[in-house]
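Q: Encoded as structure tokens, here's the structure I'll be asking about.
The values are calculated or read from the model by the stated rules, or taken from the named source; none is laboratory data. As the structure is a computational prediction, the values presented were derived from the model and not from experiment. Note: ideal-geometry Cβ built from the backbone for every residue, glycine included; neighbour counts use all protein chains shown. Areas reflect the complete protein model, heavy atoms only, side chains present, ligands, DNA and RNA absent. Shrake-Rupley method; radii C 1.70, N 1.55, O 1.52, S 1.80 Å.
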Number of protein chains: 2
Amino acid sequence: MKFIKNIQILVVAVLLVSVSCNAQSKTTSKKAKVQEHPSLILTKSGVEKIKAELGNVPLFDETLAKVKAEVDAEIANGIEVPVPKDYSGGYTHERHKRNFLILQKAGVLYQILDDEKYALYVKDMLFAYEKLYPTLPVHPQTRSYARGKLFWQCLNDSNWLVYVSQAYDCVYDFLTEKERKQLEKNLFKPYADFISKGNPQFFNRVHNHSTWGNVAVGMIALVMDDSELLNSALNGLKTDGIDPNAKDNDGGYIKKAGQKVGFLANVDEPFSPDGYYTEGPYYQRYAMYPFLVFAEALQNVKPEMKIFEYKNGVLLKSINTLLNLTDADGKFFPLNDGQKGMSYFSRELVTAVNVGYYFGGNQPELLSIAKEQGEVLLDETGLAIAIGIRDGLAKPFLKKSVEYTDGSKGTEGGVGILRAQGSKDELTLVSKYAAQGLSHGHYDKLSFSYYEGGNEVLQDYGLARFVNIQQKGGGNYLKENSTWAKQTIAHNTIVQNETSHFSGNFEIGSLNHSEKYLFDVSDANIQIVSAIENNAYPGTKLHRIQVLVKDESFENPYLLDIVTVNSDKENQYDLPYYFMGQVISTNFKYTAPKTLTQLGEKNGYQHLWTEGTGISDGTNAKLTWFNKERFYTLTSAVSEGDELIFARIGANDPDFNLRRDAGFIIRKKNQKDAVYVSVVESHGNYNPVSEIATNAFSSIKNVEVVYSDDAYIGVVIENLNNEKKLIVMSLKDASKKTAHKLKVNNMEYQWVGPYYNN
Amino acid sequence: MKFIKNIQILVVAVLLVSVSCNAQSKTTSKKAKVQEHPSLILTKSGVEKIKAELGNVPLFDETLAKVKAEVDAEIANGIEVPVPKDYSGGYTHERHKRNFLILQKAGVLYQILDDEKYALYVKDMLFAYEKLYPTLPVHPQTRSYARGKLFWQCLNDSNWLVYVSQAYDCVYDFLTEKERKQLEKNLFKPYADFISKGNPQFFNRVHNHSTWGNVAVGMIALVMDDSELLNSALNGLKTDGIDPNAKDNDGGYIKKAGQKVGFLANVDEPFSPDGYYTEGPYYQRYAMYPFLVFAEALQNVKPEMKIFEYKNGVLLKSINTLLNLTDADGKFFPLNDGQKGMSYFSRELVTAVNVGYYFGGNQPELLSIAKEQGEVLLDETGLAIAIGIRDGLAKPFLKKSVEYTDGSKGTEGGVGILRAQGSKDELTLVSKYAAQGLSHGHYDKLSFSYYEGGNEVLQDYGLARFVNIQQKGGGNYLKENSTWAKQTIAHNTIVQNETSHFSGNFEIGSLNHSEKYLFDVSDANIQIVSAIENNAYPGTKLHRIQVLVKDESFENPYLLDIVTVNSDKENQYDLPYYFMGQVISTNFKYTAPKTLTQLGEKNGYQHLWTEGTGISDGTNAKLTWFNKERFYTLTSAVSEGDELIFARIGANDPDFNLRRDAGFIIRKKNQKDAVYVSVVESHGNYNPVSEIATNAFSSIKNVEVVYSDDAYIGVVIENLNNEKKLIVMSLKDASKKTAHKLKVNNMEYQWVGPYYNN
């Protein structure tokens, strides 16, 4: 009996496959005439392929079952389309958000399962919106520079339309022409008009917000076959009357004079040729969904546009870039405004990985990410992924040391990532020398963060916001995001005279970027990233050199961090290290105050308590701390008189919006030029069950600057066995071909290329 | 070929089993005459049984392979017996510690594997010690009240002998009589004498230290068949000359006048009949190894003592007790001095579970713990466990709500644990109303901690120490352990007039204990623990009632916490809640100071910064916080004028020895009597990947004290649906039989038993 059943299934499968092939050929021949539906994400031929494989592709089937269960539960709950009232986190916001997510899924289920209850559900809800929408004024909450109608900002209204367009596409043929006309006239057209013509300051920009807006309009335009709307989506509104000095809620410019806008401009501008998105990975992740879902739709409906080849295929490239901007757990580096914890497990990255695999040449490495994600898109891209996994094609996604340029042409600095395997986990340096990053950028030129596996060793604070947690300012940006998180002192980089880079001025910051000096990972034992910043403080040149050194006499690779400062006048320089964990020991004296006062008055300093202050006697300053059962030591070559400051985040923070994390600041006063040289070791571990501490002490005996002038810096790192490593870096010539000759401590060294080491 | 080989193995196995049976019968007949070796932990017959099963019992075989690899690596490294110099964490300390652990294992390997290289290794190292020991003065580090020779304290010297006795027992027959005499004369006898007669202040006590000392002497006595030493071990030294006012480093009394000492007294005194060890679970864990390993040895060598039946079988009972004193991850509740993270994965608990299983009637629940532990003892107990697991006999170890009495007779208060399954994890209340707990006790009468799964919701701070992390005071107790961790304000309990219980006086504290009032878990929806403290503050009665309430209108069980205070004079009362995580919102106004000052001058208050202060307007005070992706809310019925204080640990902590954790304190001033009533909810969660916050708000509309006099307290908890739950508690009669009648808000309630609820 069972045997016979299997044969039957096989026969059915074969039949379906042949139907599917027929459907495909029909589709191709029909396309020129009338647009069929669905055609954006699901296509008629894709649906046939999917149906033919149902039951044969485990990950696809599992995802389908999960989505079905989720949608069925929502259908059982009934339709709720409340009058909009709340900010994010509140009931009406979350309800409408849930509605659009479920509508999209219900549409897909209708197509794949051929069950009309899903189409009916979509239809009923669309008509509920069709009834509500014309009655709505702008949203009652007033915080946004571009208020929506269903939501407090047009951004969320756009999210809605991006998803709902797909649902409409799926039930298009289920509806009568009259019904479609009614929906389009009362809901979709006015909806698209409101977020475009009705809000040019939102729609006509280069910004992740506008990307959503453009795509929302573009998606519904594709369903409705409305070429005028599509043109607006791709190229923006012809006229907008935007004041070139106007700014949004985050302090970003709305639009520079003469700037190109629309979807294509949003691909052109913020993406560098390497696929780095100037706002940073957190927002790249957010924008990925509209970018890719619209690209997929354009590819399906307007294949002649060859959207995936646009700008040298940057959209597909950006997927790999984004995946590489993660720690060992898949969490994005929180550059600029980024909420920690966001990772490639987000639904946007499921889309990115699926689309990237299908349209980008079936990279088997993406399959291993998809496997971790444990779900796929319910379309042809997801089917391809699931089949690839089923067929055992997955290969590990190995993250390598890599540099990503910033800027539309790749000429505005960038981000360098150095990775080296340690005894327990990978050590990862994220070095930032990019452009401002639009309104979500931080004033943190030459800043960095440092990881061991998924643990932060030296943190980037990220943003000051609890996304969608209503009690915290409606889940929106908190004022501490401006007063703390964006300020330079909140980052592991140089602050001059307690003032942020570019005086914290967005206009000036937006005109400038750091310059990459060197990114060289050709020697796995000496990986180097280096960049220069000339504009953060006019008259002052900052040059940072970071080297990830693999040396067998150490348990783990260590980080050598060098900053040279040259100024035309005397200044105070602060270099903070936001170490994660609890202080274990120091080798220097400091005093802890009886009362805590704020470290400074403004520019973020008002948010730091001074927990301790010491004055260096000129020998190395050593700080060992402990976090997640591991030890870390910072050893700094400091000068006599340098101030060594323990800081704690949390001053002037009456709502407890900031984390009470620690920082260590090396302060040099009244200096024109300064050199900071530090080594960061990860060493040993502590097991609270066996209570054994292993390798709890630093292995560094001494760090010394043995040479320093305008042209070279030389550093010697001596370990406990008195073995010395010399690293000399040319500061003026990063060419791999230049020959150098230098006398250091009476020894003459000759080499070719930007650095010497032994 | 393969088939034939299998048959051969079977034959060999059968032969081994029969040999083993023979050996056993021989052993039994021989025992009366000359003591054979090994006989303490491994026995001749046990070894034969083990050999017969080798290759057939996966977990045993895996453990054996691991131990063999570990010992082989040490043998390859060579023998190091350095001249003692360091505190714990330092090289000589850790080396000698490693030596005794490896010696014991090498002895076992010699017996099980019949490979003389292990016996030789033990022999060589023993003779290295035999050469070194006679040359040693007392240890150069002077901090201990009982300095050892190999280690800085006799305690560690005793650890050494407990393990090395086993190694000696294993190689006893491998050595010549001359060699044995030499070892015993130059090493073992003087060693045992030094830690007993040489240090009566260490040996003749009731304390975990002395247990180690007694057992060390007892173990070597059993190997050497030295009845005089054995008698000292079991019953202590006859004379000791200890001053009854003398104290140890932790501030504990050495010995009360006339107190019984020795191993048996150390079983009698600190264990309650329920198997609760008065110092708390962290130290019970530490003492478990010597208690059980010596009991096993006595059972093997002196079965006529029936040591496992001693005091109603308390040693075996204590194993289950200890396992129940853990959170969902197996971590011990850090009552008194306890280092967080210590768990039933420690080697001591492997011993406890193995011994408990073998000698305590093969409880199948212990097998599931052993499975988690993933290793077994290499003796008959471990073999039995591994066979049980292999044969699929394991059953889940279900932790239940349970009360453990404290005090040798079970009359000195206790610890009550309430557990209730929540939507995600179990909610666990640990309520402490025990005796002082010897020198490791904290001044925390009626304190509690609260867990959700393995996460702390309201923490017990634990100790102020980094065990074995040398940089932190040699890994020993830090001065903040006395100035902070032991003080009352460091705990979730009432502090009167900023003074610790018993004025922080150990002598007075040791004379007193709280009184259990009620422990009733007969109704799974209303589990209650309640206790009274009359002596912490003379003239003041403290009565705490804690109820874990399961109410279907809430997402999770919630905790109702009631404290009534009655005093003969006006006082200030502080009730802190050390919530773990970041503040999300409050419903009351407070001001955050521009500079942080310490909350008080002494008794632990000097370690708290005042981060915020509010004055209650008399409505409920509500505090919501966020930790590990979950929300928690404390709702307190407070009175107008009550002070609401945000505190942060870390003032006057120049070495960063304390964690910067938060606390919330409800302060009532100038009151004779006071009532504190609070509800703690766990609700909702936040997913940083989907960025969705679910159930982020408290479900409690109001908490009200509707009745309060000397005899009763009545509380109404109203949820957001206006549903009210009334709980009335008799404060004077906890009998289950008494009938009560009470008018509350003009309604008359009648019930039988200590409480009413609807």
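Q: So A:Val689 ticks every box in (1) within 16 Å of B:Gly90 (Cα to Cα); (2) in contact with a helix residue (DSSP H, G or I) (Cβ under 9 Å, 6 or more places away or on another chain); (3) at pLDDT 95 or above but one. Which box is left unticked?
A: Among (1) within 16 Å of B:Gly90 (Cα to Cα); (2) in contact with a helix residue (DSSP H, G or I) (Cβ under 9 Å, 6 or more places away or on another chain); (3) at pLDDT 95 or above, A:Val689 violates only (1).
Q: Which fully enclosed strands (runs of 3 or more DSSP E) of region B:634-742 have 2 or more residues being within 14 Å of chain A (Cβ to nearest Cβ) and open to solvent by 10 Å² or more (accessible area, probe 1.4 Å)? Lay out the reasoning, then the answer.
A: Working: elements: B:643-649, B:662-671, B:674-687, B:692-694, B:700-708, B:712-719, B:724-730.
By residue number, B:674-687, B:692-694.
Q: Sticking with this one: Taking A:Phe308 as the residue in question, decide whether it is open to solvent by less than 10 Å² (accessible area, probe 1.4 Å) and among the aromatic types (Phe, Trp, Tyr). Write out each step before concluding.
A: Details: open to solvent by less than 10 Å² (accessible area, probe 1.4 Å): no; among the aromatic types (Phe, Trp, Tyr): yes.
Judged against the criteria, A:Phe308 is not a match.
Q: Further question on the same structure: Would you tally the residues in region A:466-486 being of a type in the set (S, T, N, Q) and within 14 Å of chain B (Cβ to nearest Cβ)?
A: Step one: of region A:466-486, the residues of a type in the set (S, T, N, Q) are A:468, A:470-471, A:476, A:481-483.
Imposing the further condition that a residue be within 14 Å of chain B (Cβ to nearest Cβ) reduces the set to A:468, A:470-471, A:476.
Of the residues in that region, 4 qualify.
Q: Suppose we filter B:Ile526, B:Ile532, B:Ile584 for residues that are open to solvent by less than 30 Å² (accessible area, probe 1.4 Å), more than 28 Å from the chain's Cα centre (by Cα) and of a type in the set (A, V, I, L, M, F, W, C); which single one remains? Walk me through how you get there before you give the answer.
A: Working: B:Ile526 fails: more than 28 Å from the chain's Cα centre (by Cα); B:Ile532 fails: more than 28 Å from the chain's Cα centre (by Cα).
B:Ile584 is the lone residue from the list that is open to solvent by less than 30 Å² (accessible area, probe 1.4 Å), more than 28 Å from the chain's Cα centre (by Cα) and of a type in the set (A, V, I, L, M, F, W, C).
Q: Counting only residues that are of a type in the set (Asp, Glu) and in contact with a His (Cβ under 8 Å, 6 or more places away or on another chain), how many does region B:551-586 have?
A: Here is the first cut: in region B:551-586, the residues of a type in the set (Asp, Glu) are B:551-552, B:555, B:561, B:568, B:570, B:574.
Filter again for in contact with a His (Cβ under 8 Å, 6 or more places away or on another chain), leaving B:555.
Matching residues across region B:551-586 total 1.
Q: Please enumerate the residues belonging to region B:440-465 that are within 14 Å of chain A (Cβ to nearest Cβ) and either part of a strand (DSSP E or B) or farther than 27 Å from B:Ser510 by Cβ (or both).
A: Listed by number, the residues that qualify are B:Gly454, B:Arg465.
Q: Further question: Can you go through A:Leu548, A:Leu518 and tell me which one is out of contact with any Ser or Thr (no Cβ under 7 Å at 6 or more places or on another chain), of a type outside the set (Lys, Arg), in a strand (DSSP E or B) and open to solvent by less than 20 Å² (accessible area, probe 1.4 Å)? Let's see the steps before the verdict.
A: Working: A:Leu518 fails: out of contact with any Ser or Thr (no Cβ under 7 Å at 6 or more places or on another chain).
So the residue among A:Leu548, A:Leu518 that is out of contact with any Ser or Thr (no Cβ under 7 Å at 6 or more places or on another chain), of a type outside the set (Lys, Arg), in a strand (DSSP E or B) and open to solvent by less than 20 Å² (accessible area, probe 1.4 Å) is A:Leu548.
Q: For region A:562-597, give me each residue that is in a strand (DSSP E or B), away from every other protein chain (no Cβ under 14 Å) and over 20 Å from A:Gly453 (Cβ atoms).
A: We begin by selecting, within region A:562-597, every residue in a strand (DSSP E or B); these are A:562-567, A:571-577, A:579, A:582-586, A:591, A:596.
So of that shortlist, the ones also away from every other protein chain (no Cβ under 14 Å) come out as A:562-567, A:571-577.
Within region A:562-597, A:Ile562, A:Val563, A:Thr564, A:Val565, A:Asn566, A:Ser567, A:Asn571, A:Gln572, A:Tyr573, A:Asp574, A:Leu575, A:Pro576 meet the criteria.
Q: Would you call A:Lys33 modelled with pLDDT under 95, open to solvent by 70 Å² or more (accessible area, probe 1.4 Å) and in a loop (DSSP other than H, G, I, E, B)? Give the derivation first.
A: On the way: modelled with pLDDT under 95: yes; open to solvent by 70 Å² or more (accessible area, probe 1.4 Å): yes; in a loop (DSSP other than H, G, I, E, B): yes.
Yes: the conditions hold for A:Lys33.
Q: Ok, one more. Give B:Asp240, B:Asp274 a once-over and let me know the one that is modelled with pLDDT of 90 or more and part of a loop (DSSP other than H, G, I, E, B). Give the steps one after another, and end with the answer.
A: Working: B:Asp240 fails: modelled with pLDDT of 90 or more.
Just one listed residue meets the conditions, B:Asp274.
Q: Go through region A:326-359 and count every residue that is open to solvent by 30 Å² or more (accessible area, probe 1.4 Å), away from every other protein chain (no Cβ under 14 Å) and either charged (D, E, K, R) or within 19 Å of A:Ile387 (Cβ to Cβ) (or both). Working first, answer last.
A: From region A:326-359, those open to solvent by 30 Å² or more (accessible area, probe 1.4 Å) are A:328-329, A:331, A:340, A:345, A:347, A:358-359; that's our starting set.
Pick out the ones that are also away from every other protein chain (no Cβ under 14 Å) and you get A:328, A:358-359.
Okay, now just the ones that are also either charged (D, E, K, R) or within 19 Å of A:Ile387 (Cβ to Cβ) (or both), so A:358-359.
Selection size over region A:326-359: 2.
Q: Being at positive phi and either touching a residue at least 60 places away in the same chain (Cβ under 8 Å) or in a strand (DSSP E or B) (or both) is the filter here, so list the residues in region A:391-413 that pass it.
A: First pass over region A:391-413, keeping only residues at positive phi: A:392, A:407, A:410, A:413.
Result: A:Gly407, A:Gly410, A:Gly413.
Q: Does A:Ile75 meet the test of being in contact (Cβ under 8 Å) with a residue 12 or more places away in the chain and under 30 Å from the mean Cα position of the chain (by Cα)? It would help to see each step written out before you state the result.
A: Working: in contact (Cβ under 8 Å) with a residue 12 or more places away in the chain: yes; under 30 Å from the mean Cα position of the chain (by Cα): no.
So A:Ile75 fails the test.
Q: Can you pull out every residue in region B:277-323 that is touching a residue at least 60 places away in the same chain (Cβ under 8 Å), closer than 17 Å to B:Asn362 by Cα and polar (S, T, N, Q)?
A: B:Gln299, B:Thr321 - these are the residues of region B:277-323 that are touching a residue at least 60 places away in the same chain (Cβ under 8 Å), closer than 17 Å to B:Asn362 by Cα and polar (S, T, N, Q).
Q: Test B:Val138 against the stated conditions and say whether it is surrounded by 17 or more Cβ atoms within 10 Å (Cβ to Cβ) and part of a loop (DSSP other than H, G, I, E, B).
A: On the way: surrounded by 17 or more Cβ atoms within 10 Å (Cβ to Cβ): yes; part of a loop (DSSP other than H, G, I, E, B): yes.
Yes, satisfied.
Q: Conditions: (1) within 13 Å of chain A (Cβ to nearest Cβ); (2) touching a Gly at 6+ places or on another chain (Cβ under 7 Å); (3) more than 21 Å from B:Asn468 (Cβ to Cβ). B:Leu367 meets all but one. Number of the miss?
A: Unmet condition: (1).
Q: Give me the residue from region B:608-633 that is small (Gly, Ala, Ser) and in a strand (DSSP E or B) and, out of that set, surrounded by the fewest Cβ atoms within 10 Å (Cβ to Cβ).
A: Within region B:608-633, the first condition is being small (Gly, Ala, Ser), and the residues that meet it are B:612, B:614, B:616, B:618, B:621.
Cutting the leftovers down to in a strand (DSSP E or B) gives us B:612, B:614, B:621.
Numbers: B:Gly612: 21, B:Gly614: 17, B:Ala621: 23.
Among those that are small (Gly, Ala, Ser) and in a strand (DSSP E or B), it is B:Gly614.
Q: Kindly provide the set of residues from region A:222-254 that are small (Gly, Ala, Ser) and either out of contact with any helix residue (DSSP H, G or I) (no Cβ under 8 Å at 6 or more places or on another chain) or buried (at least 24 other Cβ atoms within 10 Å of the Cβ) (or both), ordered by number. So that I can check it myself, show each step before the final result.
A: Step one: filter region A:222-254 for residues small (Gly, Ala, Ser), giving A:227, A:232-233, A:236, A:241, A:246, A:251-252.
Selection gives A:Ser232, A:Ala233, A:Gly236.
Q: Which one of these does B:Phe174 not meet: (1) open to solvent by less than 40 Å² (accessible area, probe 1.4 Å); (2) over 26 Å from B:Tyr91 (Cβ atoms)?
A: For B:Phe174, the exception is condition (1).
Q: Testing A:Glu533 on (1) within 13 Å of another protein chain (Cβ to nearest Cβ); (2) within 29 Å of A:Arg419 (Cα to Cα); (3) charged (D, E, K, R), one condition comes back false. Which one is that?
A: Status for A:Glu533: all satisfied but (1).
Q: Now for a different question. Hey, any hits in region A:609-616 for a residue that's over 27 Å from A:Leu726 (Cβ atoms) and of a type in the set (A, V, I, L, M, F, W, C)? Talk me through it step by step, then tell me what you get.
A: As a first pass, look at region A:609-616 and keep what is over 27 Å from A:Leu726 (Cβ atoms): A:609-615.
Restricting the remaining residues to those that are of a type in the set (A, V, I, L, M, F, W, C) gives A:609, A:615.
Yes, because at least one residue in region A:609-616 is over 27 Å from A:Leu726 (Cβ atoms) and of a type in the set (A, V, I, L, M, F, W, C).
Q: Examine region B:385-397 for a residue that is more than 30 Å from B:Thr43 (Cα to Cα) and touching a Phe, Trp or Tyr at 6+ places or on another chain (Cβ under 8 Å), and state whether such a residue exists.
A: No, there is no match, as no residue in region B:385-397 is more than 30 Å from B:Thr43 (Cα to Cα) and touching a Phe, Trp or Tyr at 6+ places or on another chain (Cβ under 8 Å).
Q: Sticking with this structure for a sec: Where in region A:42-134 are there helices (runs of 4 or more DSSP H), lying wholly inside it, with at least 3 residues that are of a type in the set (S, T, N, Q) and crowded, with 19+ Cβ neighbours inside 10 Å?
A: Numbers: elements: A:44-53, A:58-77, A:91-113, A:116-132.
Per the criteria, A:91-113.
Q: Still on this structure, please answer the following. Only one of B:Leu187, B:Leu264 is over 28 Å from the mean Cα position of the chain (by Cα) and surrounded by fewer than 24 Cβ atoms within 10 Å (Cβ to Cβ); which? Write out each step before concluding.
A: Details: B:Leu264 fails: over 28 Å from the mean Cα position of the chain (by Cα).
Result of the check over B:Leu187, B:Leu264: B:Leu187.
Q: Right, something else. Yes or no: region B:613-622 includes at least one residue that is in contact (Cβ under 8 Å) with a residue 60 or more places away in the chain and more than 13 Å from chain A (Cβ to nearest Cβ).
A: First, pick out the residues of region B:613-622 that are in contact (Cβ under 8 Å) with a residue 60 or more places away in the chain: B:620, B:622.
Now drop any that are not more than 13 Å from chain A (Cβ to nearest Cβ), which leaves B:620.
The answer is yes, given that some residue of region B:613-622 is in contact (Cβ under 8 Å) with a residue 60 or more places away in the chain and more than 13 Å from chain A (Cβ to nearest Cβ).
Q: I'd like to know if region B:495-511 contains one or more residues that are closer than 23 Å to A:Glu691 by Cα, part of a strand (DSSP E or B) and among the polar types (S, T, N, Q). Steps first, answer last, please.
A: Kept after step one, since they are closer than 23 Å to A:Glu691 by Cα, are these residues of region B:495-511: none.
Taking every residue of region B:495-511 in turn, none turns out to be closer than 23 Å to A:Glu691 by Cα, part of a strand (DSSP E or B) and among the polar types (S, T, N, Q).
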